[in-house]
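Below: the structure, in structure tokens.
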Amino acid sequence: MTQYTTTANAQFMLVPLNAVAPSSVIATAGSAQVNLSWQSNGIATSFSVYRGTSSGGEGSTAYHSGITGTTYTDTSVTTGTTYYYTIKAINTLGTSAASAEVSATPLSTTAYYKVVSMTSGSGMVLDTNGSTTDGTAVVQNPDSSGTDTFQQWNIVSLGSGYFKLLNRGSGKCLDNGGVQTSGNAVIQWDDQSGTNTNQQWTILSQGNGHYYLVDHTSNQYLSDGSPAGTTNQSAGNAMTQWPSPQNAQFQIVPIE
């Protein structure tokens, strides 16, 4: 384009743009709630959330509409039920296609959960291995969570999207050890989660009931490989933190 002193070749038409589906949609499980966030693309005057209890079951009627920001907190949920969401953008020309689907399962503040590794189908669970000592490495072991309280975790919201994982058997919190080095063993420590960011974790849904757990201080993923980043799934391996999500998908399953 150039600038010129006359109006020759200087007429343009402003064409409105269709609404574009939001991207980077994230669903985060909370205590009796699901927190949604997304990225707006193009021109949108508002957004609508669609919700279902099965994959692809969100339907054509918006669950909540008229949202002018790019976040939404769903508090009309039942703990333990998995909810599926898509987001649509709206502008003067209409409604966009649906975003990618995300899902999350809201947590109960009073229930206990097992945290199950999904790497290579190992099915092992987080375990404090019978220890009540500060600094003991949290390991993975075969699942006996139905009777072993050292494999049972209470997951409590700390606000601002962070959670503490408090072990029932030891009474201590999952802690990144205060060392921000990749591959460092994750430990248990007395509950200081109100002020100690080493004990604060985000729980990020990856769909299909799978989650990443990311430490607040290090911003690294909980990983079950040993050494970190490998696929060694032996019983007794110490849990580690790792900067990328190798061996980092877990299920959070209520204990009946």
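Residues that are over 21 Å from the mean Cα position of the chain (by Cα) and closer than 17 Å to residue 251 by Cα: which strands (runs of 3 or more DSSP E) entirely in the stretch 138-197 hold 1 or more of them? Even if it seems obvious, please write down each step before you answer.
Values: elements: 139-141, 153-159, 162-167, 173-175, 187-189.
In the stretch 138-197, the matching strands (runs of 3 or more DSSP E) lie at 139-141.
Within the stretch 10-128, which strands (runs of 3 or more DSSP E) (wholly inside it) include 1 or more residues that are out of contact with any helix residue (DSSP H, G or I) (no Cβ under 8 Å at 6 or more places or on another chain)?
Numbers: elements: 23-30, 33-39, 46-52, 64-67, 71-74, 83-91, 102-104, 113-117, 125-127.
Per the criteria, 23-30, 33-39, 46-52, 64-67, 71-74, 83-91, 102-104, 113-117.
Just checking, does the stretch 59-77 include any residue being in contact with a Pro (Cβ under 6 Å, 6 or more places away or on another chain) and crowded, with 17+ Cβ neighbours inside 10 Å?
Checked against the condition, which is being in contact with a Pro (Cβ under 6 Å, 6 or more places away or on another chain) and crowded, with 17+ Cβ neighbours inside 10 Å, the stretch 59-77 yields at least one hit.
Looking at (1) buried (at least 18 other Cβ atoms within 10 Å of the Cβ); (2) free of Cβ contacts under 8 Å to residues at least 12 places away in the same chain; (3) β-branched (Val, Ile, Thr), which is the only condition residue 186 fails?
Residue 186 satisfies all of (1) buried (at least 18 other Cβ atoms within 10 Å of the Cβ); (2) free of Cβ contacts under 8 Å to residues at least 12 places away in the same chain; (3) β-branched (Val, Ile, Thr) except (2).
So how many residues does the stretch 68-86 have that are within 16 Å of residue 23 (Cβ to Cβ) and out of contact with any Leu (no Cβ under 7 Å at 6 or more places or on another chain)? Break it down stepwise before answering.
First, the residues of the stretch 68-86 that are within 16 Å of residue 23 (Cβ to Cβ): 69-72, 85-86.
Restricting the remaining residues to those that are out of contact with any Leu (no Cβ under 7 Å at 6 or more places or on another chain) gives 69-70, 86.
The total comes to 3.
Could you go through the stretch 84-104 and let me know if any residue there is in the same structural domain as residue 47 (by TED's automatic domain parsing), free of Cβ contacts under 8 Å to residues at least 40 places away in the same chain, hydroxyl-bearing (Ser, Thr, Tyr) and on the phi < 0 side of the Ramachandran plot.
Checking the stretch 84-104: at least one residue is in the same structural domain as residue 47 (by TED's automatic domain parsing), free of Cβ contacts under 8 Å to residues at least 40 places away in the same chain, hydroxyl-bearing (Ser, Thr, Tyr) and on the phi < 0 side of the Ramachandran plot.
The values are calculated or read from the model by the stated rules, or taken from the named source; none is laboratory data. As the structure is a computational prediction, the values presented were derived from the model and not from experiment. All Cβ positions, glycine included, derive from the backbone under ideal geometry; neighbour counts span all protein chains shown.
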